[in-house]
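To start, the structure under review is shown below, and the notes come after it.
Laboratory data are not the source of any read-out in this text; all were calculated from the coordinates shown. Keep in mind the model is a prediction, meaning the values are calculated, not measured. Glycine gets a Cβ as well: all are built from the backbone with ideal geometry, and neighbour counts include every protein chain shown.
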Amino acid sequence: MKPFLILQLRPETVASDAEFRAFLEKGGLASNEVHRVSLDQESLPADLDLHSYSGVIVGGGPGCVSDCPTSRDPLEAKMEAQVMSLLPQIVGEDIPFLGCCLGIGVLGHHLAQAVSKDRYGEEAGIARCSLTPDGQNDPLLEEVPQEFDAFVGHKEALQLLPEGCTHLVQSPFCPFQMIRYRQNVYATQFHPEADGAEFANRLNMYRDKGYFPPEEVDRLMALCRAADASAPPRIVANFVRRYRAA
């Protein structure tokens, strides 16, 4: 089979490594079935051929695509620009893509510049999500219940549904939790790869990044460790299962 391309935008090695392990575990992937590119340490290969992969998976990160370019962290801006450079081909050719957390930011920005901090930001923690009618019939949401809990934490969000997109998952405070462009390009606002222990560790690592008051970290970590967020990882598994034979 063709490997999956996993692109990561976390400059913290511990968080990046844990996220990578989560993608492997939740997707049922062996390390030799993926090509990992940690964009904080390396650039995309000059001869990268997206057709040599079963699909592209993009992880999360602390950056915000809606931040003013002149005030951006240079490394975050560089990493996001490299992912953005692939999107014309991905959306133009409907190449299988799963963008997680920051992935919905880069997709929404590319499609419609529809990402900002105006509305729908969510403090890090748990969001109660529900499938839309279209989501109930989408293959990536097979065996995902009508309502489920997911781990979230974002300062920016999609403000509208870009043209050509299908709305799959919503939540009370952030309507666009999961979308699909055309047939094969997916993105989630929540983290489909993280379990409670992993997300709690991320909260501790990003406690001073402005996602929540730092004094709340112990409460939020305990909340996430106790949560039942077993449904979202099925999205990663379904993505791998759907496209690994392509």
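Once you sort the root eigenvalues of the Cα gyration tensor of region 52-102 as a ≥ b ≥ c, which label holds: rounded (a/c under 1.5), prolate (a/b larger than b/c) or oblate (the other case)?
Details: a/c = 2.64, a/b = 2.00, b/c = 1.32.
Verdict is prolate for region 52-102.
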*Got a sec to turn the phi values of region 141-154 into Karplus ³J(HN,Hα) couplings, 6.51 cos²θ - 1.76 cosθ + 1.60 with θ = phi - 60°, whole Hz, x for Gly and Pro?*
9, 4, 6, 8, x, 4, 10, 7, 9, 9, 8, 9, x, 8
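Once the Cβ-Cβ distance between Asp47 and Glu143 is put in as r, and R0 is 25 Å, what FRET efficiency do you end up with, to the nearest 0.05? Don't skip to the answer; put the middle values down first.
Working: r = 38 Å, r/R0 = 1.52.
The formula returns an efficiency of 0.05 here.
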*Dipole moment magnitude, nearest 20 debye, the chain about Cα centre, only Lys, Arg, Asp, Glu C-beta charged*: 220 debye
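If you take the Cα Rg of the chain and divide it by 2.2 N^0.38 Å, with N the number of residues, what do you get? Walk me through the intermediate numbers first.
Values: Rg = 16.4 Å, N = 246, 2.2 N^0.38 = 17.8 Å.
Ratio of Rg to 2.2 N^0.38 Å for the chain: 0.92.
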*Please name whichever of Ala18, Cys100, Ile90 sits farthest to the positive end of the charge dipole of the chain, dipole taken about the Cα centre and charges placed at Cβ: Lys and Arg +1, Asp and Glu -1.*
Ile90
*Compute the distance in nm between two label points, each set 7 Å from the Cα along the Cα-to-Cβ direction, one at Lys2 and one at Asp118.*
3.8 nm
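Under 8 Å for C-alpha pairs, at least 6 residues apart: give me the relative contact order for the chain, rounded to a whole percent.
Working: 497 pairs, mean separation 55.6, N = 246.
Over the chain, the number comes to 23 percent.
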*Show the residues, 5+ positions off or on another chain, whose built amide H is closer than 5 Å to the amide H of Val169.*
Thr132, Gln177, Met178
*Quick one: His110, His154, His51, fewest Cβ neighbours within 10 Å first, how do they rank?*
His51, His110, His154
*Just how many % of Cα pairs in region 127-226 lie over 20 Å apart, if you round to the nearest whole percent?*
43 percent
*Inter-label distance for Arg241 and Asn32, nm, one decimal - labels placed 7 Å from Cα along Cα-to-Cβ*: 2.5 nm
